[in-house]
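K.L.:
Let me begin by handing over the structure; questions about it come next.
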Amino acid sequence: MNRLIIVVPCYNEEEALPLTIPVLSEVINNMISKGKIAKSSAVLYVNDGSRDKTWEVIAAAHEKDSHVFGLNLAGNVGHQNALLAGLEFATSLCDMTVSIDADLQDDVNVIEEMVDKYIAGADVVFGVRNDRTTDSFFKRFTAQGFYKFMKILGTKTVYNHADYRLLSRRAMEALSLYQERNIFIRAIVSKMGFVTDTVYYKRGERNAGESKYPLKKMLSFAWDGITSFSNKPINMVTGLGFFILLCSLAAAVYSLCAHFFGQTASGWTSLILSIWFLGGLNLFAIGLVGQYVGKTYIESKQRPRYIIEKSLTHDSEE
Ligand code: UDP
Ligand code: MG
C-alpha cells in the first residue's frame, strides 16, 4: 500500500506550525479515508536548528497526532539541506514523499492530484505555480529573472517550480546519490530523468510569521544554484579577457602607426579609465575563479550535510 510522507522543513516557524499541522493532518486523513494512501502515512516536520519554540510545537503535536513525525537537526543547515535530511530520513519509511514549505504558501489541495499522478506512474511530480500575484513585485521580478538567467546558463530547471514536489522512492534513492554539499535540489531533480508530471496551483500568502529568505539569503541561494550547476560564468570571463586582449593588441598597432606618422596619441583620461577598467575586470575574474575553487574546497572536505539530533516517529500498524 502507498505510504506517503509529507516533508516540511521548518526554521523559526512557531507561529506558522500551529496553523499548518492541522491542515496537513487533515490532508493525510482525507486521502487515507479515500483509500489512496496507507494508514501509516505521516507528515515529517524537520526542525532546522530553530531558535524559537518550533521543536516544542512539533514534539507536542507528535504526542497527540499519530500522523505527526519530527526530525530535530543539531543546527541550522539551510532550507535545501534540511529538506534533504527529511527526504533521506523518509526514504526507508515510505513509497513517496511530498515536500512543502511550513508556511503553506503552496496549495495543499493539489497533493492529492500529485498522488494520483504517482499512482498513474510518475516518479516525479512538480508543483508549478501559475499565478504569483500574491508575491511582491520585487520577489516576482527577481525570481523570474533568476529562472531566465539559469536558462541562459544552460541549467535545466522547471519554470516557476520551487520545492513543492512529489518524489517516488526510486527518485529519492537517486537523489541521495548526489553527494554534493552545495546542493540545489530542484535542478538535480529535473536532471535525473524519470517519468515526470506537473500539477498547477496558485501560490498564496505566508500563513504566519515572516519570510526566512531575506534578500541576502535569496541572492546567495541564486548564486549557489548558478555556480553549482554551470561553469559558464568562468567561460564567459575567459572569453571577455581574450576579447580585451585582442582589443589592446589592436590599440597597440594603432598607436605604433600613429607614432610612425609623427602623431603622438594624447589622452590621460582614457589611459586612467582603461587601467581602472582592466584592474576591475581582473579582480572580478580572479574572484569568480576563486568562488569555484572555494566550492571545490568545501566539497573536498566531504563534511556531513546535516546532523540528526533526534527523531520522533510512530510505528506503522500495517
Ligand atoms: N527554512 C529552513 N531553513 C532555513 C530557512 C528556511 O528550513 O534556513 C524553511 C522555512 O521554514 C520554510 C521554507 O524553508 O518552510 C521556505 O522559507 P520561506 O517560506 O521563508 O521562504 P519564501 O517562501 O519567503 O521564499
Ligand atoms: Mg514561504
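K.L.:
Suppose we keep just the DSSP beta bridges with both residues in segment 86-237; what percent of those would be antiparallel, to 5?
P.N.:
So the antiparallel bridges amount to about 55 percent of the total.
K.L.:
Continuing with this model, one more query. Please report the accessible area of Tyr147 (heavy atoms, 1.4 Å probe, ligands and nucleic acids excluded) in Å², nearest 10.
P.N.:
Tyr147 exposes around 10 Å² with every protein chain in place.
K.L.:
Give the peptides 202-213, 186-197, 12-23 in descending order of average Cβ contacts within 10 Å, highest first. Before the final figure, lay out each step's value.
P.N.:
Values: 202-213: 15.3, 186-197: 16.8, 12-23: 19.6.
Per-residue Cβ counts within 10 Å, averaged per peptide and sorted highest first, yield 12-23, 186-197, 202-213.
K.L.:
Using only the Cα atoms of segment 242-281, what are the Rg and Dmax in Å?
P.N.:
Cα radius of gyration and Dmax of segment 242-281 are 11.5, 33 Å respectively.
K.L.:
Right, next: Relative contact order of the chain, please, whole-number percent, based on alpha carbon pairs below 8 angstrom and at least 6 residues apart.
P.N.:
About 24 percent, as a whole number.
K.L.:
Something else about it: In degrees from 0 to 90, rounded to the nearest 10, what is the angle of the helix 54-64 Cα long axis to the longest principal axis of the chain?
P.N.:
20
K.L.:
Also: For the chain, modelled as a Gaussian network with Cα springs under 10 Å, which listed residue fluctuates most, Phe141, Phe261, Phe242?
P.N.:
Phe261
K.L.:
Sticking with this one: So for Lys53, Lys117, what's the accessible-area order with a 1.4 Å probe, most first?
P.N.:
Lys53, Lys117
K.L.:
Taking springs between alpha-carbon atoms closer than 10 angstrom, which of Ile286, Ile100, Ile119 fluctuates most in the Gaussian network model of the chain?
P.N.:
Evaluated over the chain, the most mobile residue of the options is Ile286.
K.L.:
Taking only DSSP H segments of four or more residues, each worth -39500 (n - 2.57), what value at 222 nm results for the chain once the sum is divided by all its residues, to the nearest 500 deg cm²/dmol?
P.N.:
After summing the helix terms and dividing by the residues of the chain, the value is -16000 deg cm²/dmol.
K.L.:
Please report, in whole Å, how far the alpha carbons of the chain spread along each principal axis, starting with the longest.
P.N.:
That gives 95, 40, 38 Å along the principal axes, largest extent first.
K.L.:
Output the antiparallel fraction of DSSP beta bridges having both residues in the chain, as a percent to the nearest 5. All intermediate terms of the calculation are to be shown ahead of the outcome.
P.N.:
Numbers: 12 of 34 bridges.
Bridges in the chain are about 35 percent antiparallel.
K.L.:
Using a 10 angstrom cutoff on alpha carbons, build the Gaussian network for the chain and name the most mobile of Gln179, Gln263, Gln302.
P.N.:
Per the Cα network of the chain with a 10 Å cutoff, Gln263 tops the list.
K.L.:
About the Cα centre of the chain, how large is the charge dipole given +1 on each Lys and Arg Cβ and -1 on each Asp and Glu Cβ? Please answer in debye to the nearest 20.
P.N.:
1260
K.L.:
Would you work out which of Tyr297, Asn12, Ala171 lies farthest towards the positive end of the dipole of the chain? Charges go on Cβ: Lys and Arg +1, Asp and Glu -1.
P.N.:
Tyr297
K.L.:
Oh, and also: So for Thr142, Thr269, Thr91, Thr97, what's the accessible-area order with a 1.4 Å probe, most first?
P.N.:
Thr269, Thr142, Thr91, Thr97
K.L.:
Please compute the net charge surrounding Tyr297, taking Lys and Arg as +1 and Asp and Glu as -1 over other residues with Cβ under 12 Å from its Cβ.
P.N.:
It works out to a net charge of +3.
K.L.:
Using only the Cα atoms of segment 227-318, construct the convex hull and provide its projected area averaged over every direction, in square nanometres to one decimal. Walk me through the numbers on the way to the answer.
P.N.:
Working: hull surface 44.2 nm².
Approximately 11.0 nm², given one-decimal rounding.
K.L.:
Treat every Asp and Glu Cβ in segment 253-318 as -1 and every Lys and Arg Cβ as +1, leave all other atoms uncharged, and give the resulting dipole magnitude about the Cα centre to the nearest 20 debye.
P.N.:
The dipole of segment 253-318 has a size of about 500 debye.
K.L.:
What figure, in Å² to the nearest 10, do you get for the accessible area of Ser33 with a 1.4 Å probe and non-protein molecules left out?
P.N.:
Ser33 has an accessible surface of roughly 100 Å² with all protein chains in place.
K.L.:
How many percent of Cα pairs in segment 84-240 exceed 18 Å?
P.N.:
When all Cα pairs of segment 84-240 are counted, 62 percent exceed 18 Å.
K.L.:
When the Cα centres of segment 1-78 and segment 184-212 are compared, how far apart do they sit, in Å?
P.N.:
Taking the Cα centre of each part, segment 1-78 and segment 184-212 sit 18 Å apart.
K.L.:
All other residues with a Cβ under 9 Å from the Cβ of Asp131 taken together, and with Lys, Arg as +1 and Asp, Glu as -1, what is their net charge?
P.N.:
Here the charged neighbours net out to +4.
K.L.:
With a 1.4 Å probe and all protein chains kept in place, how much accessible area does Met218 have, in Å² rounded to the nearest 10?
P.N.:
Accessible area of Met218: about 40 Å².
The values are calculated or read from the model by the stated rules, or taken from the named source; none is laboratory data. Computed from a prediction, not measured in an experiment: that's the story for all the values here. Don't worry about glycine lacking a Cβ; one is built from the backbone with ideal geometry, like all the others, and counts go over all protein chains shown. Heavy atoms of the whole protein, side chains included, go into the accessibility calculation; ligands, DNA and RNA do not. Shrake-Rupley method; radii C 1.70, N 1.55, O 1.52, S 1.80 Å.
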